[in-house]
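This report refers to the structure that appears directly beneath it.
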Amino acid sequence: VGACRRVRHALPSAWDSRSLSGAALRCLVPGMDTRTDVCPRPAPPPAILVRQASTEAALSSASDDVDLADFTVVKSGHFWPQKIRFSTSQISPMACGTVLLFAKDLYIIEMGADVQMMGVIGVVLSIWGPCCYPVAGYVLERNLLGAWFPWDAWGRRAPWFLTHSLVLAVATAAVYMPPILDSTFLCLWFLACGVVLCWVLAVLFTCFEAARTEMYPTKEERSEVEAVVRITSAVGVALGIMPQLFVAAAGATFAIRTTVSLLYIGMALLSLVSLRIFRLARQEHDSAKVDSFASEVLSVAKIPACRHVMVYGLVEAVFMTVILQGAVYYLTLVDGLSGTRRSIFLAAAVVVVALALLIALPLWTQFFRVRRPNVNTNLVCGTACLLGVPLGPLSLLLGRALPPGCGFLLYVFVLQVAMVGQSFWKCLALGWVVDEDCHASHGRRREAVFVGVLSFVGAIGRAMAVGLVINGLGAVGLQFEFCDQVCDGLRVPCKELCERRNIEGQPEAVKVYIQVLYYGVMPVCQALVAILAIAFPIRGERLDAIYRNQAQIFKPTSLDLPKPANEQKGLNGVRDQTPPVAQQAPSERKSLP
């Protein structure tokens, strides 16, 4: 009863007795029996505040410092179908993004592009791609398409997602349809398509991350979306690779290239099913508070928590890219695999990653989708990652007693299980940094700027990792013969002997360098990732403050419901609005007559 009275005095004016249930309602309204007395139910308000746990359980353990905000969280009002639909937005960019990775090799092998020019173009695109992200984030916040797509109906993200999805379809289809098969022209054609694709992909990925942070106010809902995104992203990569494998196997004839281009048009337009959800990203904002590009980037970089996430993103990008980039070299130079056997183990590694994801994903999803005020999420994620630091090298050492390649598969499984939680944590940490920035200045929302800056840092980390692997191997003496060219027109044993010479003829330093990467550099990077997660400053009372502020400023949106009459629209969508009245969760309404 004492706890009930303390809560009653702490209630905001926007709350009334209808927002509580069961024993708490009987304490707050003395003499009222919820089983017989009628409690009139108001019309559904524009915002939805739901209980994280039953009120009876929360009040039974309440202390003298009871705060109602500790027992409530604001929600978007989206259910799983809407979240799944929103997550499909990653299928198209992930599928079409594989073209940038594999088309260059097919241009050289199947279409006869100039090798030296394609190497230079690869360097140009590797520089241009990362630079697109911060610029894309800035232009998204400037609302440059508002004249053609009104904010009230389209929000800030949907216009960019729609227009760039259409451009993505054209650019991806054009990659495999060059008008001339001249070696020099092919290089220039790929450069033009690559420049467009880098920009379009940067906009689409930034749209998604910014819209997720804007539409879903808490880690609980953001983590649910992340769980689905892990699956839709894998589907997109698989869809994008299959047509290119078809080109590699059947040849780059005009008929095959036309078929592949038509397939990519369909893939690029597939994610438009999520457009309606993007239109719900309409939180109040004032675009006039977005300053020049340089000042916005510097302002974001000066935020300590943002710098923390930037360092984390850099180390994680190096860590993951070295593992992916070095997989072929480890299986070839350390385990001694080549040809078909190596391809089988690479395919098996993909299956192992999917298996580990299916095992760990439900566990992490359930952990994150529930509000746990007394649990340090940073500590849990970092500890899980830290446990995998010694297990990775240990699995490679144990693999020496197994057939060649099996130890690497064990390593991949252990690593994936340890790192699944980190993909959730990175998404949530970004969301918390953005939330604090929005709370610091009313009407200022720059989610896309944060996403662009962090994506740029991640791209730099990936470029560093590629240089660490490729340039490092070159420095220690790695040399490979192009066996397809050496054995052109000769019998199959020639290619097998050539690949065997490539493995056995390398200096011992090459094998040692690969082992140093996997036994030394990778554990250090993984330990740094874990420590950065544990040391992240947003936790405890600081995180509770984010929840309280989100409950005050977040306004769920809908395309079906009219705007409340008491809302007055201001400049660039900023509204003056009274605090929303709480609505009960369905489970709590059952306790009322």
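The values are calculated or read from the model by the stated rules, or taken from the named source; none is laboratory data. No experiment lies behind these values; they were computed from the predicted model shown. So basically every Cβ, Gly included, is an ideal-geometry build from the backbone, and we count neighbours across all protein chains shown. Heads up: the accessible areas ignore ligands, DNA and RNA and are worked out on the full protein's heavy atoms, side chains in. Shrake-Rupley method; radii C 1.70, N 1.55, O 1.52, S 1.80 Å.
Here Phe246 fulfils each of the conditions (1) open to solvent by less than 10 Å² (accessible area, probe 1.4 Å); (2) at pLDDT below 90; (3) more than 30 Å from Thr557 (Cβ to Cβ) apart from (1). Restricted to segment 227-243, and to residues there that are open to solvent by less than 20 Å² (accessible area, probe 1.4 Å), among the small types (Gly, Ala, Ser) and over 12 Å from the mean Cα position of the chain (by Cα), the residue that is farthest from Leu204 (Cα to Cα) is Gly240.
Look at segment 428-468 and say how many of its residues are without any contact (Cβ under 8 Å) to a residue 12 or more places away in the chain and crowded, with 22+ Cβ neighbours inside 10 Å. Outline the logic, then answer.
Within segment 428-468, the subset without any contact (Cβ under 8 Å) to a residue 12 or more places away in the chain is 440, 467.
Then drop every residue that is not crowded, with 22+ Cβ neighbours inside 10 Å, which leaves none.
Final tally of qualifying residues: 0.
I want to confirm something. Restricting to segment 505-517 and keeping residues that are in a helix (DSSP H, G or I) and free of Cβ contacts under 8 Å to residues at least 40 places away in the same chain, which single residue is surrounded by the fewest Cβ atoms within 10 Å (Cβ to Cβ)?
Restricting to residues being in a helix (DSSP H, G or I) and free of Cβ contacts under 8 Å to residues at least 40 places away in the same chain, the top hit is Glu508.
Comparison of Val318, Val351, Val380, Val300 shows that the only residue that is under 21 Å from Val225 (Cβ atoms) and not basic (Lys, Arg) is Val380.
For segment 489-504, name all the residues that are exposed (fewer than 11 other Cβ atoms within 10 Å of the Cβ) and modelled with pLDDT of 65 or more. Passing the criteria: Pro493, Glu504. Entry remark, segment 333-371: residues being part of a loop (DSSP other than H, G, I, E, B) and surrounded by fewer than 15 Cβ atoms within 10 Å (Cβ to Cβ) number 1 in total.
Every residue, every condition in (1) hydroxyl-bearing (Ser, Thr, Tyr); (2) assigned to a loop (DSSP other than H, G, I, E, B); (3) surrounded by fewer than 20 Cβ atoms within 10 Å (Cβ to Cβ); (4) in contact with a Ser or Thr (Cβ under 8 Å, 6 or more places away or on another chain), yes or no:
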site: Ser92; (1), (2), (3), (4): yes, no, no, yes
site: Cys96; (1), (2), (3), (4): no, no, no, yes
site: Leu101; (1), (2), (3), (4): no, no, yes, no
site: Val123; (1), (2), (3), (4): no, no, yes, no
site: Val135; (1), (2), (3), (4): no, no, yes, no
site: Tyr138; (1), (2), (3), (4): yes, no, no, no
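Only residues that are part of a helix (DSSP H, G or I) and surrounded by 24 or more Cβ atoms within 10 Å (Cβ to Cβ) were counted across segment 165-189, and they come to 5.
Is it fair to say Glu224 is surrounded by fewer than 23 Cβ atoms within 10 Å (Cβ to Cβ) and over 21 Å from Leu269 (Cα atoms)?
On the way: surrounded by fewer than 23 Cβ atoms within 10 Å (Cβ to Cβ): yes; over 21 Å from Leu269 (Cα atoms): yes.
Criteria met by Glu224.
Just so you know, in segment 399-409 the residues that are within 16 Å of Ala347 (Cβ to Cβ) and in contact with a helix residue (DSSP H, G or I) (Cβ under 7 Å, 6 or more places away or on another chain) include one that is surrounded by the most Cβ atoms within 10 Å (Cβ to Cβ), and it is Phe408.
In the set Arg400, Arg372, which member is under 27 Å from Tyr312 (Cβ atoms), without any contact (Cβ under 8 Å) to a residue 24 or more places away in the chain and among the charged types (D, E, K, R)?
Working: Arg400 fails: under 27 Å from Tyr312 (Cβ atoms).
Testing whether each residue is under 27 Å from Tyr312 (Cβ atoms), without any contact (Cβ under 8 Å) to a residue 24 or more places away in the chain and among the charged types (D, E, K, R) leaves just Arg372.
Let's see how each residue does on (1) small (Gly, Ala, Ser); (2) touching a helix residue (DSSP H, G or I) at 6+ places or on another chain (Cβ under 9 Å); (3) over 24 Å from Val351 (Cβ atoms):
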| residue | (1), (2), (3) |
| --- | --- |
| Lys219 | no, yes, yes |
| Arg222 | no, yes, yes |
| Arg230 | no, yes, no |
| Ile241 | no, yes, no |
| Gln244 | no, yes, no |
| Gly251 | yes, no, yes |
| Thr259 | no, yes, yes |
| Tyr264 | no, yes, yes |
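Just wondering, is there one or more residues in segment 253-273 that are open to solvent by 10 Å² or more (accessible area, probe 1.4 Å), touching a Lys or Arg at 6+ places or on another chain (Cβ under 8 Å) and either hydroxyl-bearing (Ser, Thr, Tyr) or in a helix (DSSP H, G or I) (or both)? Within segment 253-273, one or more residues are open to solvent by 10 Å² or more (accessible area, probe 1.4 Å), touching a Lys or Arg at 6+ places or on another chain (Cβ under 8 Å) and either hydroxyl-bearing (Ser, Thr, Tyr) or in a helix (DSSP H, G or I) (or both). State whether the residues of segment 303-326 include one that is at pLDDT 90 or above, part of a helix (DSSP H, G or I), open to solvent by 30 Å² or more (accessible area, probe 1.4 Å) and of a type in the set (Phe, Trp, Tyr). No; the residues of segment 303-326 include none that is at pLDDT 90 or above, part of a helix (DSSP H, G or I), open to solvent by 30 Å² or more (accessible area, probe 1.4 Å) and of a type in the set (Phe, Trp, Tyr).
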